[in-house]
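Notes follow once the structure below has been shown.
The values are calculated or read from the model by the stated rules, or taken from the named source; none is laboratory data. Quick caveat, the model's predicted, so the values are computed rather than measured. So basically every Cβ, Gly included, is an ideal-geometry build from the backbone, and we count neighbours across all protein chains shown. Keep in mind that these areas ignore ligands, DNA and RNA; they rest on the heavy atoms of the full protein, side chains included. Shrake-Rupley method; radii C 1.70, N 1.55, O 1.52, S 1.80 Å.
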Amino acid sequence: MGLLAALVQSLLVGPAVRRLGERRSILVDLSVSVLSFLACALAPQVWMIYLIIAVSSLAALDTPASQALIGTSVGEDEQGALTSVLSITRVVGPLIATNVFAYFVSPSAPIYFPGAPFAVGAVLIAGALALAWRFVRPAARAARPAQATSRAEHLDLSTVAVEVAAG
């Protein structure tokens with residue numbers, strides 16, 4: 001998935017963000033993510049995961065669009081703190097998912113459900129989608145610095161490297 005996400009980010013993000021705008025790109029990403037997580041949770045055959053991964057790579061639109069909106073929405077002194085919080089979620093998420101998986105495949109689980117971490121992820125992303133729908137507003141074109149668009153088009157290489165490594 002990391003390689004597909006990197007390809008989407010490098011080839012499709014610029015045109016998609018220009019066409020949809022940052023807000024819609026984020027909403028599309030979160031919607032695709034919810035559906036992809038649900039599909040992974042409920043996939044009856046392992047081979048289906050590969051198809052889901054291909055479709056879910058479209059969720060890579062979120063990172064550059066979010067970074068561009070964050071860059072124009074908060075002050076420079078707040079960007080570091082916000083980035084730290086977002087980074088912590090990348091550490092805590094796998095810890096939670098591992099424990100949810102361990103519980104739902106254990107003999108003490110009420111049901112055997114190895115897709116439970118994906119179901120939990122879908123619920124959490126659906127919450128993020130609701131929050132984004134409510135609170136994320138399109139950036140005013142006149143008020144945005146000229147660099148905001150180029151940030152969405154040219155994401156930094158560290159994000160691509162993390163996505164490739166994660167995949």
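Structure summary
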read-out	value
Residue identified as in contact (Cβ under 8 Å) with a residue 12 or more places away in the chain and of a type in the set (A, V, I, L, M, F, W, C) among 69, 95	69
Residue within the stretch 11-34 that is open to solvent by 20 Å² or more (accessible area, probe 1.4 Å), in contact with a Phe, Trp or Tyr (Cβ under 7 Å, 6 or more places away or on another chain) and among the β-branched types (Val, Ile, Thr) present	no
Enumerated helices (runs of 4 or more DSSP H) restricted to the stretch 1-94, each holding at least 2 residues that are within 18 Å of residue 127 (Cβ to Cβ) and modelled with pLDDT of 80 or more	22-42
Test: residue 111 is in contact with a helix residue (DSSP H, G or I) (Cβ under 8 Å, 6 or more places away or on another chain) and loosely packed, with under 11 Cβ neighbours inside 10 Å	yes
Pairs with Cβ under 7 Å, 6+ apart, first in the stretch 46-66 and at positive phi, second exposed (fewer than 13 other Cβ atoms within 10 Å of the Cβ) and modelled with pLDDT of 80 or more	none
Residue that is most open to solvent (accessible area, probe 1.4 Å), among those in the stretch 79-108 that are touching a helix residue (DSSP H, G or I) at 6+ places or on another chain (Cβ under 9 Å) and closer than 25 Å to residue 137 by Cα	90
Matching residues in the stretch 105-141 - criterion: being among the charged types (D, E, K, R), free of Cβ contacts under 8 Å to residues at least 60 places away in the same chain and part of a loop (DSSP other than H, G, I, E, B)	141
